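Peer 1: For reference, the structure I am asking about is given below.
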Amino acid sequence: MEKIRLGKTGMMVTRLGFGGIPIQRLSDSDAVKVVSKCLDLGINYIDTANGYSTSEERIGKAVKGRRKDVIIATKTFPGTPEIIEKNLELSLKRLDTDYIDLYQFHGVNNKETLDRILDPENGLYKVFEKFKKAGKIRHIGITSHQMDAAKEQVKTDKFETIMFPFNVITSEPAKELLPLCKQHDVGFIVMKPLAGGMLNNAAICFKYLLQFPDVVSIPGIEKVAEIEEIAKLYQGAPKITAAERKEMQRMIEELGTKFCRRCDYCQPCAQGIPISMVMTFPTFVKRLPPDWYLKNPMIADNMSKAANCTECGECESRCPFGLPIREMIKENYTMFEQVKAENS
Ligand code: SF4
Ligand code: SF4
């Protein structure tokens, strides 16, 4: 499988990687089988996170005996230095390794968090540098969903990689973010190449991404057949056919009008509703085990706030994608109540 240089890290990674979210839904042995299959197919880039429950441990089991051939990326939310330290030790233990190839700040979506990371006195970046010096991590990256925040992060020249959503529907990175990454030699990792499980035409989604030679895509994989299908696309240089182009257009028209990019331009909401979380709730249901979103107060309590929507419509006037936020909040809140009832 073709490899590219991942920005300043200098690491040579396969253009197709593996995203470790959905294996949380599988049994231990099935998860190990899926990850092992990816390695057998030549994939050498595996992404996971401290926050993905069983994912790190299962990946650790799958890479046992093959560690030197695999590039492991994991992440931590930018909490306090003590929390970060604890999270890194836990990741190393779960992954059964003594180093992480790429350690990323997880979900940095605003300037305040970036400033906290880069604070010259007590910034969290310094903690990452300490890890690097100790040989526990090799490279430093960052992940974000927010375009302005991501551009700012790239411009600092502090991060060797950035992970950002990019797919047929969320195609905005192609305009400015990708060229900016190229200019600053920041490796670009594609989050949500299948729009967080909302797109199921793998051929179209990956042929679209294959047009961009400098990106590494990390689809969340749950079945061996899925990764086999996607890996085949990466073996040649498949062109988008006329029929696929037509279908792509149809997908954009159908989903583009209802797909939340999690950019948060619609905020603030006077009722304190975390709009983007409520808007993307169906992607949790598609990819994660119910306990993950029903027992996690961060998700469950925030989803409950959706009941307080007064339908004032102010958020809709701020959404650059013209999404019917009020209608979608209602639909997704109903879905939340349903899955809650089914799992009680
Ligand atoms: S319509 Fe609902 S979600 Fe949007 S700003 Fe008003 S209260 Fe908040
Ligand atoms: S609803 Fe619109 S503005 Fe709000 S996060 Fe989603 S895409 Fe962005």
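The values are calculated or read from the model by the stated rules, or taken from the named source; none is laboratory data. In this text the structure is predicted, and so the values were computed from the model without any measurement. Using ideal geometry, Cβ is built from the backbone for each residue, glycine included, and neighbour counts are taken over all protein chains shown.
Peer 1: Here is a check on your reading of the model: is residue 313 surrounded by fewer than 15 Cβ atoms within 10 Å (Cβ to Cβ), within 12 Å of ligand 1 (Cβ to nearest atom) and on the phi > 0 side of the Ramachandran plot? Write out each step before concluding.
Peer 2: Numbers: surrounded by fewer than 15 Cβ atoms within 10 Å (Cβ to Cβ): yes; within 12 Å of ligand 1 (Cβ to nearest atom): yes; on the phi > 0 side of the Ramachandran plot: yes.
The answer is yes for residue 313.
Peer 1: Turning to a different aspect of this structure: Given the structure, is residue 333 within 11 Å of ligand 1 (Cβ to nearest atom), of a type in the set (Ser, Thr, Tyr) and either surrounded by 14 or more Cβ atoms within 10 Å (Cβ to Cβ) or free of Cβ contacts under 8 Å to residues at least 60 places away in the same chain (or both)? Before the answer, list the steps.
Peer 2: Values: within 11 Å of ligand 1 (Cβ to nearest atom): yes; of a type in the set (Ser, Thr, Tyr): yes; either surrounded by 14 or more Cβ atoms within 10 Å (Cβ to Cβ) or free of Cβ contacts under 8 Å to residues at least 60 places away in the same chain (or both): yes.
Yes.
Peer 1: Kindly evaluate residue 262 against the criterion of being away from ligand 1 (no atom under 15 Å from the Cβ), charged (D, E, K, R) and surrounded by 15 or more Cβ atoms within 10 Å (Cβ to Cβ). Give the derivation first.
Peer 2: Values: away from ligand 1 (no atom under 15 Å from the Cβ): no; charged (D, E, K, R): yes; surrounded by 15 or more Cβ atoms within 10 Å (Cβ to Cβ): yes.
No, not satisfied.
Peer 1: Report, ordered by the first and then the second residue, all pairs with beta carbons closer than 8 Å, sequence separation of six or more or different chains, a first member in segment 48-60 that is of a type outside the set (D, E, K, R) and in a helix (DSSP H, G or I), and a second member that is at pLDDT below 95 and surrounded by fewer than 22 Cβ atoms within 10 Å (Cβ to Cβ).
Peer 2: Close Cβ pairs (under 8 Å, with a partner that is at pLDDT below 95 and surrounded by fewer than 22 Cβ atoms within 10 Å (Cβ to Cβ)) amount to 55/24.
Peer 1: Moving on. Can you say whether residue 76 is of a type in the set (Val, Ile, Thr), within 23 Å of residue 188 (Cβ to Cβ) and in contact (Cβ under 8 Å) with a residue 12 or more places away in the chain, as far as the supplied structure shows?
Peer 2: On the way: of a type in the set (Val, Ile, Thr): yes; within 23 Å of residue 188 (Cβ to Cβ): yes; in contact (Cβ under 8 Å) with a residue 12 or more places away in the chain: yes.
Yes; evaluated as a whole, the condition is true for this residue.
Peer 1: Within 16 Å of ligand 1 (Cβ to nearest atom) and not hydrophobic (A, V, I, L, M, F, W, C): is that true of residue 308 in this structure?
Peer 2: Details: within 16 Å of ligand 1 (Cβ to nearest atom): yes; not hydrophobic (A, V, I, L, M, F, W, C): yes.
For residue 308, the condition - within 16 Å of ligand 1 (Cβ to nearest atom) and not hydrophobic (A, V, I, L, M, F, W, C) - is met.
Peer 1: Same structure again: So which residues in segment 84-102 are hydrophobic (A, V, I, L, M, F, W, C) and surrounded by 16 or more Cβ atoms within 10 Å (Cβ to Cβ), if there are any at all? Don't jump to the end; show me each part of the working.
Peer 2: Going through segment 84-102, the residues hydrophobic (A, V, I, L, M, F, W, C) turn out to be 84, 88, 90, 92, 95, 100, 102.
Scanning segment 84-102 gives 84, 88, 92, 95, 100, 102.
Peer 1: Same structure again: Having 1 or more residues that are within 16 Å of ligand 2 (Cβ to nearest atom) is the bar; report the helices (runs of 4 or more DSSP H) wholly within segment 260-331 that clear it. Full working, then the answer.
Peer 2: Details: elements: 275-279, 281-287, 290-294, 297-304, 314-318.
Once the helices (runs of 4 or more DSSP H) in segment 260-331 are filtered for at least 1 residues that are within 16 Å of ligand 2 (Cβ to nearest atom), what remains is 275-279, 281-287, 297-304, 314-318.
Peer 1: Which count do you get for residues in segment 14-39 that are over 21 Å from residue 214 (Cα atoms), of a type in the set (Val, Ile, Thr) and not in a helix (DSSP H, G or I)?
Peer 2: Total satisfying the criteria: 1.
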